[in-house]
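In what follows, a structure is listed as structure tokens, so that the remarks can point back to it.
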Amino acid sequence: MSLTITPLSPALGAQISGVDLSRELSDAQRDAIEQALLEHQVLFFRDQPIEPQQQARFAARFGDLHIHPIYPNVPQTPQVLILDTAVTDVRDNAVWHTDVTFLPTPALGAVLSAKQLPAYGGDTLWASGIAAFEGLSAPLRALLDGLTATHDFTKSFPLERFGTTPEDLARWEATRRNNPPLSHPVVRTHPVSGRKALFVNEGFTTRINELNELESEALLKLLFAHATRPEYSIRWRWQENDVAFWDNRVTQHFAVDDYRPNRRVMHRATILGDAPY
């Protein structure tokens with residue numbers, strides 16, 4: 001069965017058909033999906049009613065899987081975390097962010113499956129760090145290339161929202177101890193394509209290390225706004241059983257929190273990556 005790849009915007013995004021994600025991928029299918037991911041950065045698959053075990057199996061074809069230290073997971077498949085607005089405060093997803101950049105080796109990518117959706121609302125946006133970097137002026141690209149920035153777990157997971165019970169507090173404290181603030185390059189080189197991308201995000205980036213506080217604050221404010229301009233982004237309107245697969249190394253995303261008090265349930269499998277450079 002051959003894949004059909006339909007690009008959705010110049011900056012990023014493609015819809016894929018001709019594959020059943022509930023079944024084991026052939027090597028040819030796996031390689032074609034990986035190549036599409038490198039080219040389009042975020043892929044969308046309609047009508048894929050996959051079980052958590054099948055989701056984890058698909059994601060694991062592209063790398064080792066991460067178990068999130070804070071979010072609840074599927075008990076039988078802990079590599080699949082649950083984003084359920086009836087159970088967990090997920091407001092940290094309603095900010096532009098790149099997943100788990102508080103890790104020394106942030107995620108290569110993630111596979112997100114829509115399980116229960118509001119009648120309307122709850123869209124997700126993705127933005128291309130490659131397009132954003134290439135859209136900067138040459139002097140600013142030269143300034144940024146070589147700078148580093150601090151990423152901090154607590155910026156998106158503050159104690160007041162994620163340490164509200166003794167059990168939650170213990171989990172939060174352990175996660176903070178195991179994930180102290182660390183530095184990544186402001187401009188990341190994709191380890192496969194070699195393309196450069198902005199690698200700062202509002203969810204976890206707290207400062208640019210080589211600048212003073214005022215300079216860092218001003219430059220990050222500019223970069224956060226620039227990186228998410230409409231021409232560098234795409235908005236996906238979910239349908240039940242949709243699956244999205246994105247390259248976390250060169251994108252960031254924003255889950256629109258506009259559907260309360262309705263419920264939204266998503267499952268995510270996160271693929272570990274390598275150290276940014």
What pairs come up if the first residue lies in segment 54-74 and is over 15 Å from Ser113 (Cα atoms) and at pLDDT 95 or above, the second is open to solvent by 30 Å² or more (accessible area, probe 1.4 Å) and part of a helix (DSSP H, G or I), and their beta carbons are under 8 Å apart, counting only those six or more places apart or on different chains?
Arg61/Arg30; Phe62/Arg30; Phe62/Glu34
Answer with yes or no whether Glu134 is farther than 23 Å from Ala110 by Cα and surrounded by 15 or more Cβ atoms within 10 Å (Cβ to Cβ).
yes
Being surrounded by fewer than 14 Cβ atoms within 10 Å (Cβ to Cβ) and of a type outside the set (S, T, N, Q) is the filter here; which residues of segment 25-37 pass it?
Asp27, Ala28, Asp31
Restrict the check to segment 126-134 and report whether at least one residue is farther than 19 Å from Leu43 by Cα, assigned to a loop (DSSP other than H, G, I, E, B) and of a type in the set (Asp, Glu).
no
Filter segment 145-169 down to the residues that are among the hydrophobic types (A, V, I, L, M, F, W, C) and either in contact (Cβ under 8 Å) with a residue 60 or more places away in the chain or open to solvent by 60 Å² or more (accessible area, probe 1.4 Å) (or both) and list them by number.
Leu147, Ala149, Phe157, Leu159, Phe162, Leu169
Just one of the numbered conditions (1) more than 17 Å from the chain's Cα centre (by Cα); (2) surrounded by 15 or more Cβ atoms within 10 Å (Cβ to Cβ); (3) of a type in the set (Lys, Arg) is not true of Arg177; which one?
(2)
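Taking Ser193 as the residue in question, decide whether it is among the hydroxyl-bearing types (Ser, Thr, Tyr), without any contact (Cβ under 8 Å) to a residue 40 or more places away in the chain and open to solvent by 50 Å² or more (accessible area, probe 1.4 Å).
Against the criterion (among the hydroxyl-bearing types (Ser, Thr, Tyr), without any contact (Cβ under 8 Å) to a residue 40 or more places away in the chain and open to solvent by 50 Å² or more (accessible area, probe 1.4 Å)), Ser193 does not qualify.
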What number of residues in segment 6-53 are touching a residue at least 40 places away in the same chain (Cβ under 8 Å) and assigned to a helix (DSSP H, G or I)?
4
Quick check on segment 10-69: of everything there that is over 20 Å from the mean Cα position of the chain (by Cα) and of a type in the set (Asp, Glu), which residue is nearest to Gly273 (Cα to Cα)?
Asp31
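The values are calculated or read from the model by the stated rules, or taken from the named source; none is laboratory data. Model, not experiment: these values are computed from the prediction. Ideal geometry is used to build each Cβ from the backbone, glycine not excepted, and the neighbour counts take in all protein chains shown. For the accessible areas, the whole protein counts, side chains as well, though only heavy atoms, and no ligand, DNA or RNA atoms are used. Shrake-Rupley method; radii C 1.70, N 1.55, O 1.52, S 1.80 Å.
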